[in-house]
1. Order the peptides 80-89, 33-42 from the highest to the lowest mean number of other Cβ atoms within 10 Å of their residues.
2. Figure the gain on full extension for H111 and D45 (residue separation times 0.36 nm, minus the Cα-Cα span) and round it to one decimal in nm.
3. Say we join alpha carbon atoms closer than 10 Å with springs in a Gaussian network model of the chain; which of R79, R122, R130 then has the biggest fluctuation?
4. Please list, in chain and number order, the residues 5+ apart from L105 or on another chain whose amide H is under 5 Å from its amide H, with Hs placed from the backbone.
5. Whose amide H sits under 5 Å from the amide H of H73, counting only residues 5 or more places off or on another chain, with H placed in the peptide plane?
6. Quick one: if the Förster radius is 35 Å, what FRET efficiency do K80 and R144 give, using the C-beta to C-beta distance and rounding to 0.05?
7. At H67 and K129, where each label point lies 7 Å from the Cα along Cα→Cβ, what is the point-to-point distance in nanometres?
8. Rounded to the nearest 0.05, what FRET efficiency do R136 and T101 have when you use their Cβ-Cβ distance and R0 = 25 Å?
Amino acid sequence: MSEKTVAVNRKARRDYEILESVEAGMALKGTEVKSLREGRISLKDSYAKVQNGEVFLVNAHISPYSHGNIQNHDPLRNRKLLLHRQQIKRLTGKTEEKGLTLVPLKVYFAHGRAKVEIGLARGKREYEKRDAIKRRDAEREMERDLKER
């Protein structure tokens, strides 16, 4: 599959437990696509929300296109995500559960189209983050010991 990753939300996997992920298309303006191709997007503090039967990407910052004119886009505008109706219904039901949210994991181009991978996530508590770090360090130590033998 021809896929070119543009941006990855590294904090998402640290701060959230990802239960499942879904690929969605993005409805973008021309200058937004050009900025994306330059890699000028930040997923920090962004999330997706279901509103009136549609899913929107909120707070994703796509910088204005460097060679754009006065018709350049608003960097923080809400962007519609393109999903099938059944997917939207399922995500709506799951996000209404206690503590679940939609978080963008990465933005990429697949076959020339801008896609975003959104994850259904549950927030981690501070001690869960520390436990994950301890577990990862222990696994790394075991791998190192096995390589030395």
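Each reported figure results from applying straightforward, stated rules to the coordinates on display, with no laboratory input. Just so we're clear, the structure is a prediction, and the values are computed from it rather than from any experiment. Note: ideal-geometry Cβ built from the backbone for every residue, glycine included; neighbour counts use all protein chains shown.
1. Working: 80-89: 14.8, 33-42: 17.1.
Order by mean packing, descending: 33-42, 80-89.
2. Values: separation 66, 0.36 × 66 = 23.76 nm, distance 2.75 nm.
Length gained between H111 and D45: 21.0 nm.
3. Of R79, R122, R130, the most mobile in the Gaussian network model is R130.
4. E117, I118, G119
5. Excluding prolines and chain starts, which carry no amide H, the hits are Y65.
6. Numbers: r = 47 Å, r/R0 = 1.34.
In this case the efficiency is close to 0.15.
7. 4.1 nm
8. Numbers: r = 24 Å, r/R0 = 0.95.
Taking R0 as 25 Å, the efficiency between R136 and T101 is 0.60.
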